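These notes are about the structure you will find just below.
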């Protein structure tokens, strides 16, 4: 029987305006593809899969060592990838030659040669090159190789925005939201955010969706924001992917082809390292929300979020160990995660009662385990 503590997910509602932090990172020209967290080996046994057939972290079965003809005391040759697969890999497609114009300023920036990038970009920026103006603003805004100067950065972002660069529009809108409270600046920021979003900037798409939700709280705002969340999610913004999972499962009368993808979007956000998505995905799997139950996979996703430092996940993980959901019952391990969550400021009264009911030896073992976990020893 699934306990009541799993029936309500602790999530960040997609209505808070996010204009700083993760999404205010390097613009599109300076970003690289974001990969999900590496899969790590957990307990021995067959790997758990979610209903979509995706192998979840952990559960990698150890393979016997390959036999070789080399002496035991010499280096092992092992077996090749092709031998393990039993078939040759197909030939790689022929690489298409790059026919575009090489931008030396951006190339220098991406290699970390910020002064060179500034020297190459500034003359172009002064001549009205909007992309170069955004690059100059980015270097000044972040203080990369030069003294940080946000006033000058704001000037160049404004020039880039006026010149039609979507990244410049997005960053200038963010600075306006951060640094000014006037209605005029807020209106201008919203207009620029929408324009950047309509031009395809993924971060602007997510943030403009947030603006729409903040301006029209409730289902109306979510429906208006949905197309922008979808576009941003398709471009890999984990926050938008998480928001989609919540909208698809909670907003009524959406097309079935959308609601069926709720868990898929949550999985994408979780695999991108979004700890709240990892926690929610674990709870969805345990509760059978938007798909079949999978206790083992649910446990592993909650554990991943807990190991990433999410206090709510740590508290939930303690409950899983107590009730043997997706894992073996382990009171000391449960108490360890309770201690870690409590140290992070989250105290669950039911877990407090459980902890106080343990023997002195178990409490000491849990505290020792928590201390070792914090120090990485």
Given the conditions (1) at positive phi; (2) assigned to a helix (DSSP H, G or I), report the number of the one that residue 309 does not fulfil.
(2)
Residues (assigned to a helix (DSSP H, G or I) and closer than 12 Å to residue 262 by Cα) located in the stretch 276-290
277, 280, 281, 284
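Condition check: under 17 Å from the mean Cα position of the chain (by Cα) and assigned by TED's automatic domain parsing to the domain that holds residue 342. Does residue 233 satisfy that?
no
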Look at residue 326 and say whether it is buried (at least 18 other Cβ atoms within 10 Å of the Cβ), in a loop (DSSP other than H, G, I, E, B), at pLDDT 95 or above and not assigned by TED's automatic domain parsing to the domain that holds residue 243.
yes
Go through the stretch 130-150 and report how many residues are free of Cβ contacts under 8 Å to residues at least 12 places away in the same chain and surrounded by 17 or more Cβ atoms within 10 Å (Cβ to Cβ).
0
Selection over the stretch 341-377 where residues are exposed (fewer than 12 other Cβ atoms within 10 Å of the Cβ) and assigned to a helix (DSSP H, G or I) yields a count of 8
So if I check each of 246, 241, 235, which one is in contact with a helix residue (DSSP H, G or I) (Cβ under 6 Å, 6 or more places away or on another chain), more than 28 Å from residue 370 (Cβ to Cβ), at pLDDT 95 or above and surrounded by fewer than 24 Cβ atoms within 10 Å (Cβ to Cβ)?
235
Inside the stretch 151-179, can you point out the residues that are assigned to a helix (DSSP H, G or I), surrounded by fewer than 24 Cβ atoms within 10 Å (Cβ to Cβ) and touching a helix residue (DSSP H, G or I) at 6+ places or on another chain (Cβ under 6 Å)?
152, 153, 154, 158, 159, 175, 177
Of these, 268, 263, 293, which one is farther than 26 Å from residue 344 by Cβ and either touching a strand residue (DSSP E or B) at 6+ places or on another chain (Cβ under 8 Å) or part of a loop (DSSP other than H, G, I, E, B) (or both)?
293
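The values are calculated or read from the model by the stated rules, or taken from the named source; none is laboratory data. This one's a predicted model, so the numbers in the text were calculated from it and none came from an experiment. Here Cβ is always computed from backbone atoms with ideal geometry, including for glycine, and neighbour counts include all displayed protein chains.
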